[in-house]
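Since the structure comes first, as structure tokens, the remarks are kept for the end.
The values are calculated or read from the model by the stated rules, or taken from the named source; none is laboratory data. Keep in mind that what you see is a predicted model, and the values were worked out from it rather than measured. We place every Cβ from the backbone using ideal geometry, glycine too, and count neighbours over all the protein chains shown. Accessible surface is based on the protein model in full, side chains and every heavy atom, while ligands, DNA and RNA are left aside. Shrake-Rupley method; radii C 1.70, N 1.55, O 1.52, S 1.80 Å.
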Amino acid sequence: MSLPDSDPLSYQHLGFDDVRQWLSDEAAGPGVRQQFESLQPGNSLEDIRDQYQRIAEVETLMEFSSSFHIRRYEDLYEVLRLLALKDSTLYPENLTALLNILEQSRTLQKTYEQSLPEDEAVWSEYFAKITPLQNMEKDIQRVIGPDGEVLDGASSTLSSLRRKLRKSGGAVRSRMSELVSKYGESGYLNESQAGIKGGRLVLPVLSSYKHQVKGVIQDMSNTGTTTFIEPFEIIELNNQIKTIEIEEQQEVQRILRELTAHLHDHYAAINTNYEILQVLDYHLALAKFGKTFACTIPSLSEDGEFKLKVARNPRLALQRKVVPLDLSMEAHVKTLIITGPNAGGKTVALKTIGLLALMANAGVPVPAAEGSIIPFVDTIFTDIGDQQSLVDDLSTFSAHLSTIISILDQTTSRSLVLLDELGTGTDPAEGAALARAILEALGDKGVKCVATTHLGDLKVFAHEADNVMNGAMEFDQAGLKPTYRFQAGVPGSSYGFEISKRLGLPEKILAVARGYIGWARDSMEKLLRSLESERVTLSDLKSDNASLQRDLKMKQKRMDSALESVQKAERKADRQAAKQAGQIITDARQTVEKVIRQIRESQAGKDHIKEVRGTLDKVEAKLEQVIEATEEPLKLEKLAESDIVEGMSVTVLSLDQTGIVLETPVKGKTLVEVDGKRLRVPVKWLGRGPDKKTDDFKSTTVVNVSDSKGSTYNLDLRGFRAEAAIEELGRFIDQAVLSNLSLMQIVHGKGTGVIKKVVHEVLDKHPAVKSKRLGGLDEGGAGVTYVELK
């Protein structure tokens with residue numbers, strides 16, 4: 001999938017060019033950087049989902065090991081092309097680049113094998129293709145030094161030749177020093193040291209004495225006063241050095257050719273290792289980008305459903321704190337019309353929608369919370385910004401209309417269209433009529449469309465038409481400023497007069513303007529503002545009601561617990577007393593259920609909510625009396641350590657549940673299977689139970705239980721040392737399992753990361769833990785870990 005070739009500015013308008021550049025900066029190799037610079041959305045839903053799965057696993061690998069990363073490496077296309085040819089020769093810089101690839105692919109494979117089981121990992125087939133070539137690494141390191149030089153020890157012949165070169169070079173310098181001293185004392189030299197001309201050592205002889213020095217004239221100064229002479233005896237020594245240097249170069253070429261031949265035999269493996277490294281580099285860059293911008297992996301929908309949760313535009317997030325976008329378009333809703341004040345965030349919302357859709361369809365993690373859903377589309381079309389052109393003699397209206405005509409010709413039922421300020425640039429009535437017709441045409445084709453506008457007629461259209469919804473950017477009427485929060489299902493006022501007043505337009509002019517606007521238009525704007533005010537009030541009441549319903553549900557659970565106690569009392573104690581208590585509980589439950597229905601069926605006011613809370617408090621007090629009157633202590637025969645044998649049926653007194661002993665007690669504790677879980681419990685917790693066979697139980701989880709009480713949903717480990725944190729976390733998980741909790745929140749803070757690391761190590765190894773994740777930006781971020789239990 002790609003944006004149309006006729007719309008080259010769309011990536012720039014939406015900010016996708018920036019995303020591509022950020023991804024390119026994260027890549028380690030030039031080939032992968034080029035891939036990101038030309039990144040396009042994909043055309044296969046399955047491929048995108050597979051890529052997201054690979055990214056998720058890479059994120060896990062990065063978290064598991066800080067060494068799971070890729071260093072910078074060079075493009076090996078030309079090097080591998082040469083290596084594929086027989087009898088070719090690679091140079092030291094080529095071999096150094098190859099060594100880097102071989103080392104990194106081997107190290108990454110080793111890290112991977114230590115982190116995840118092969119049969120459960122999507123990267124298994126990739127890492128299985130990597131061939132460690134450690135012998136080849138050693139051969140290259142034996143020949144090539146860290147600075148890219150061929151080492152003396154590459155061969156005994158090379159070592160001998162270089163010793164001769166050093167010796168001959170020393171002899172030349174020593175003899176030349178003697179000649180400088182000799183001729184200098186005679187006054188033949190213009191300078192007190194030898195020079196170099198044309199790569200040869202020469203004496204700077206005064207031209208008037210040039211016949212006094214036997215040798216070959218190599219050069220003369222510009223003034224002619226100095227003649228540069230290479231003495232005959234030095235020529236002979238230099239010729240010897242030149243011969244040795246030629247032999248040295250021949251030996252170096254032989255060594256490189258021989259090493260290249262060995263590498264040629266492993267060409268296929270080296271090429272595969274390089275390809276796998278580039279694939280890893282690509283996904284690591286995506287994962288690092290996701291970590292930088294606090295991204296998550298969205299779901300891709302095929303039916304057009306669109307849901308953004310706490311979405312942020314990454315371009316703005318780098319510059320300032322942004323108000324997140326929460327938006328939901330069900331599959332049947334084809335068109336969303338966003339209205340609201342100028343500078344209220346309509347265009348930013350539109351660009352955020354478009355950018356995140358592009359990112360998701362390119363397989364890039366998006367800056368939004370877990371649970372976001374983005375449609376899989378074939379093309380994204382945009383008409384954003386003023387496209388007026390003086391060169392092409394196009395007005396604002398003509399430019400917009402030309403773009404829209406092109407869009408209408410190219411869209412399909414799987415396209416996404418984003419239109420900014422639809423219907424502007426012409427007469428408002430005509431603009432609204434055209435805009436409505438365009439939106440209807442797109443809707444008839446099944447196109448998903450989001451448009452921003454100030455036109456009131458389109459607000460009415462969205463309210464009346466099927467598969468079209470209104471949306472507004474919220475405005476603070478008290479402070480006369482936008483809040484940048486999106487509100488679904490309601491149209492928004494433009495607040496032109498209010499904004500003008502805040503900016504300082506004289507009240508006299510505003511009063512005249514209000515007289516010109518017309519009664520109908522003024523009434524509609526007032527209605528919109530009134531609706532907005534009522535929406536805020538209802539939102540507050542809804543929040544209060546939600547809180548009240550949570551309290552009601554908690555109290556209802558307590559009643560269920562009390563009823564269970566009554567039922568036990570009925571079996572074990574006075575049946576008549578239990579029946580009376582049971583009637584009290586039944587009456588209380590009916591009262592609460594009636595209150596819940598009232599709350600759900602009406603928007604309760606604050607006074608009514610207060611009255612309901614008072615009723616609930618009375619019911620709860622009566623329940624406490626019932627519980628105290630009906631509960632009886634357990635009267636079971638406790639067991640001594642010597643009484644307990646493997647396979648016997650016992651009752652775990654603290655849980656009031658029956659289990660089977662799985663092993664003989666050791667140091668006052670034994671392993672008991674209760675309700676599919678294996679618990680290591682103190683012997684003093686056990687009483688004699690009914691006879692049952694071990695085969696009736698199937699174990700799924702092993703936990704350790706201590707005498708500690710009071711574990712809650714939230715555990716705060718800030719300020720703990722590592723060992724104490726591990727111990728406290730173990731107790732916390734055990735109590736959570738016993739309490740049948742499914743979710744836990746562990747606060748470890750950010751700090752140095754030590755406590756976070758040990759927490760994650762414990763969670764990764766604990767058999768009762770199903771999954772874990774770090775908190776989002778609005779959940780405590782990297783300082784909090786959320787845990788789901790099996």
Inset, instruction - Kindly report the accessible area of the stretch 294-390 per residue (heavy atoms of protein chains, probe 1.4 Å, no ligands, DNA or RNA), in Å². - result: 34 Å²
Inset, instruction - Could you compute the FRET efficiency for Gln253 and Asp47, with r as their C-beta to C-beta distance and R0 at 60 Å, rounded to 0.05? - result: 0.80
Legend entry - Stretchable slack from Ala84 to Ala317, in nm (0.36 nm times residue separation minus alpha-carbon distance): 79.1 nm
Legend entry - Per-residue SASA entry for Glu761, accessible area with 1.4 Å probe, Å² rounded to 10: 80 Å²
Inset, instruction - Any chance you could look up the accessible area of Tyr77 with a 1.4 Å probe, heavy atoms only, rounded to 10 Å²? - result: 150 Å²
Legend entry - Violating pairs (Cα-Cα greater than 29 angstrom) within the set Lys638/Lys677; Lys667/Lys757; Lys677/Lys750; Lys138/Lys288; Lys110/Lys770; Lys86/Lys110: Lys667/Lys757; Lys677/Lys750; Lys138/Lys288; Lys86/Lys110
Legend entry - Accessible surface of the stretch 234-311 [probe 1.4 Å, protein heavy atoms]: carbon and sulfur percent: 48 percent
Inset, instruction - Kindly report the accessible area of the stretch 122-214 per residue (heavy atoms of protein chains, probe 1.4 Å, no ligands, DNA or RNA), in Å². - result: 58 Å²
Inset, instruction - Could you size up the charge dipole of the stretch 393-470 around its Cα centre, putting +1 on the beta carbon of Lys and Arg and -1 on that of Asp and Glu, and report it in debye to the nearest 20? - result: 320 debye
Legend entry - Protein accessible area in the stretch 32-126, 1.4 Å probe - carbon and sulfur %: 44 percent
Inset, instruction - Please give the length that would be gained between Val666 and Asp147 if that part of the chain were fully extended, namely 0.36 nm times their separation in residues minus their C-alpha to C-alpha distance (nm, one decimal). - result: 180.6 nm
Inset, instruction - With all protein chains present, calculate the accessible area of Thr107 using a 1.4 Å probe and round the result to the nearest 10 Å². - result: 70 Å²
Legend entry - Local electrostatic count, Arg502, Cβ distance below 14 Å [Lys/Arg +1, Asp/Glu -1]: -1
Legend entry - Amide H within-cut-off set for Asp219, under 5 Å, with H built and near neighbours excluded: Phe228
Inset, instruction - Working with all protein chains in place, sort Lys481, Lys334 by solvent-accessible area computed with a 1.4 Å probe, largest first. - result: Lys481, Lys334
Inset, instruction - Would you rank Tyr786, Tyr274, Tyr484 by solvent-accessible area, highest first, keeping every protein chain in place and using a 1.4 Å probe? - result: Tyr484, Tyr786, Tyr274
Inset, instruction - Starting from the residue with the highest accessible area, list Asp476, Asp265 in decreasing order, probe 1.4 Å. - result: Asp265, Asp476
Legend entry - Dipole axis of the stretch 51-141 (+1 Lys, Arg; -1 Asp, Glu on Cβ), positive-most option in Gln114, Ile140, His69: Ile140
